[in-house]
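Peer 1: The following block contains the structure, expressed as structure tokens.
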Amino acid sequence: MAISQEEKSKEILTQFKNDEAIIINDRTGKILGSNSTARDLFGNSRLLEGLEFRSLFADQYHSVIGDVLEDRDGKTDDRHNVLGIHENGSFVPVEIIAHDIEVGGQEHTVVVLHDSVATRNHAEAMRHIAQHDALTGLPNRNYFKEKIIEEIRGSEKTETLMSVMFLDLDKFKDVNDTMGHAVGDALLQAVSGRLKNCVRKSDTVARLGGDEFAVIQVGVKHIDGVKILANRIIESLARPFVIEDNEIHTSGSIGVSVCPFDSNDPDEMLRNADMAMYSAKAEGRNNFQLYSAELDHQARLRKSMEDSLRQALSEEQFSLNFQPRLDLASGKVVGAEALIRWKTAMGFISPAEFIPIAEEIGVIEDISDWVLRKAVQQAKEWDDAGMPIKVSVNISAVEFRKHDMHTKVSQALLDSGLNPKLLELEITEGVLMKRNSKTVHQIAALRDVGVEFAIDDFGTGYSSLGYLKRLPVDTLKVDRSFICGITADESDDAITKVIVMLGQTLGLRVVAEGVENKKQLHFLRTIGCHEIQGYYLSKPLESEAFEAFVKRHENNAEYHIEEIELDHKTLPAVVNS
């Protein structure tokens, strides 16, 4: 039995997707069949079968339609944009693609039709997604690079300056760690809004990823215009952000590269702005730096330090030194503060230099874990050798908020076998003043097993005296900034006296940090300070030198403390070498 035209059409239509508009024509151009998507395109109630295919399109496109149907030459990829006629008389922009197909020995032309407007809108939407950041809606890194090329050409034509600014949010990681990623994301969105308010419509603000943003400033006539914008951004970000009832304080570090002064090469401008941003961070954050050859050198050094820090632990470049603590009543060395040292091929690098960088690049947690375990192991070795010394380890606020410190410390004690009473953890006032229930619970749990806690740098924070009496701590360490001024500044004398009296009243031990001369020692002993620590007694020592220090000090036990302080040479501080 011969197959009818209708059956042929149905058979062909089954070979195509239902979401594509399909019209089947015979070789004369008469429509044999269509699917519902095609009928929707031209008007759902309109019957297409039996019509001339070209009648669906505006007159000026009939010749194009004729070529599509009659002059195929086996082509299957020709695309034509034409205007179709909707049943309501309106025009429908359509893209048509023709395919030849043979069914039952007869050739047919299958035309696939796409709504050009929908296709174009979809393409534009996809392009927007590819070029913009999903969180903030700002242009992304790819779009930004293309825009730099365009704007460099524009600045050359108009003979004006064009700047590229790289901006990094300062301490954004702390926000994520302490308040959660939802708050962090909301902060990034708020920052993007402020940045857009700082620039003109002709400028471009982009998010490059993480907490990094960038700005292209165009049409600048003088370098002062670049500085004005950079300052405007700095001031805008310095204002507090209020997110989910949290008042968040942040700032921005900005690096600036200016075309044509620094370069007119897109990649080099990006590199220069990035280097200048590193210099802004090295200068203490919350500032901007214009690119220069000197800044480039400094930024490369910092970048090199970052790379080296990431390898330092695995390459065993860190070591611990121990600074003695002397009990003023007995004259005995009763404790030691563990202080990290980093030795590179270029020599030792101060913790004041590398700790802030370690926090920024996210390796501080691994370093802190290493310090804790190493200090506990050393304290255990000394205890086993008959030299029970309480070792103090500094713990950051981020570690307490982000991690289970109770588990981490308990495991270190278990692995080493150290008596918990020989471990003291130093924390800042800020950790306690935030009254985080998790933090207080962890401190209480560790104190229950014998670990002691000290407030480090006491007097520089914002402790409430009413709250202080309820703090789960054992020791106050007076900040060195007060100690260095005593006997020379009456205010420092008074503050130090008050802190010592406060500690005595609350039953806390008081340790004075940074003692550097005999007058300071005498004053502290007179007002009843319990312990001292500082270069007058000894600088931080390697473990073997520390042991020798303690033994030599014990050999001087026949000296009364007054005699020792009158004759500093009798103290074994000569071990400092």
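The values are calculated or read from the model by the stated rules, or taken from the named source; none is laboratory data. Here the structure is a predicted model, which means the values were calculated and not measured. Cβ: placed from backbone, ideal geometry, glycine included. Neighbour counts: every protein chain shown.
Peer 1: Exactly one condition in (1) surrounded by 13 or more Cβ atoms within 10 Å (Cβ to Cβ); (2) over 21 Å from Leu229 (Cβ atoms); (3) modelled with pLDDT of 90 or more is not met by Met162; state its number.
Peer 2: Checking Met162 against (1) surrounded by 13 or more Cβ atoms within 10 Å (Cβ to Cβ); (2) over 21 Å from Leu229 (Cβ atoms); (3) modelled with pLDDT of 90 or more, the one that fails is (2).
Peer 1: Listed residues Ala230, Ala206, Ala214; which is crowded, with 21+ Cβ neighbours inside 10 Å, part of a helix (DSSP H, G or I) and under 22 Å from the mean Cα position of the chain (by Cα)?
Peer 2: Values: Ala206 fails: part of a helix (DSSP H, G or I); Ala214 fails: part of a helix (DSSP H, G or I).
Of Ala230, Ala206, Ala214, the one residue that is crowded, with 21+ Cβ neighbours inside 10 Å, part of a helix (DSSP H, G or I) and under 22 Å from the mean Cα position of the chain (by Cα) is Ala230.
Peer 1: Still on this model: Could you check region 150-172 and list, in sequence order, the residues that are part of a helix (DSSP H, G or I) and within 20 Å of Ser236 (Cα to Cα)? Please lay out each step first, then the result.
Peer 2: Here is the first cut: in region 150-172, the ones part of a helix (DSSP H, G or I) are 150-158, 172.
Passing the criteria: only Phe172.
Peer 1: Phe322 - would you say it is under 22 Å from Glu544 (Cβ atoms), aromatic (Phe, Trp, Tyr) and either out of contact with any Phe, Trp or Tyr (no Cβ under 6 Å at 6 or more places or on another chain) or part of a helix (DSSP H, G or I) (or both)? It would help to see each step written out before you state the result.
Peer 2: On the way: under 22 Å from Glu544 (Cβ atoms): yes; aromatic (Phe, Trp, Tyr): yes; either out of contact with any Phe, Trp or Tyr (no Cβ under 6 Å at 6 or more places or on another chain) or part of a helix (DSSP H, G or I) (or both): no.
Judged against the criteria, Phe322 is not a match.
Peer 1: I'm trying to understand the selection: among the residues of region 509-546, which are touching a residue at least 40 places away in the same chain (Cβ under 8 Å) and small (Gly, Ala, Ser)?
Peer 2: Gly534, Ser538, Ser543
Condition check ((1) in contact with a strand residue (DSSP E or B) (Cβ under 9 Å, 6 or more places away or on another chain); (2) outside the structural domain of Arg285 (by TED's automatic domain parsing); (3) closer than 17 Å to Asp133 by Cα) across all residues:
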site	(1), (2), (3)
Glu156	yes, no, no
Phe172	no, no, no
Met179	yes, no, no
Gly193	no, no, yes
Gly210	yes, no, yes
Ile216	yes, no, yes
Ala230	yes, no, no
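Peer 1: Further question: So which pairs qualify, if the first residue must be in region 86-113 and in the same structural domain as Ala38 (by TED's automatic domain parsing), the second must be hydroxyl-bearing (Ser, Thr, Tyr) and assigned to a strand (DSSP E or B), the Cβ gap must be under 9 Å, and the two must be at least 6 apart or on different chains?
Peer 2: Correct list of pairs: Ala98/Thr109; His99/Thr109; Asp100/Thr109; Ile101/Thr109.
Peer 1: Report, ordered by the first and then the second residue, all pairs with beta carbons closer than 6 Å, sequence separation of six or more or different chains, a first member in region 483-494 that is farther than 13 Å from Val515 by Cα, and a second member that is part of a helix (DSSP H, G or I).
Peer 2: Here the result reads Asp492/Phe482, each pair linking region 483-494 to a residue that is part of a helix (DSSP H, G or I).
Peer 1: Considering only residues that are assigned to a strand (DSSP E or B) and assigned by TED's automatic domain parsing to the domain that holds Gln378, look in region 290-319 and name the one that is farthest from Gly255 (Cα to Cα). Quick ask: steps written out before the conclusion?
Peer 2: Kept after step one, since they are assigned to a strand (DSSP E or B), are these residues of region 290-319: 290, 318-319.
Filter again for assigned by TED's automatic domain parsing to the domain that holds Gln378, leaving 318-319.
Details: Phe318: 32, Ser319: 34 Å.
Among residues in region 290-319 that are assigned to a strand (DSSP E or B) and assigned by TED's automatic domain parsing to the domain that holds Gln378, the one farthest from Gly255 (Cα to Cα) is Ser319.
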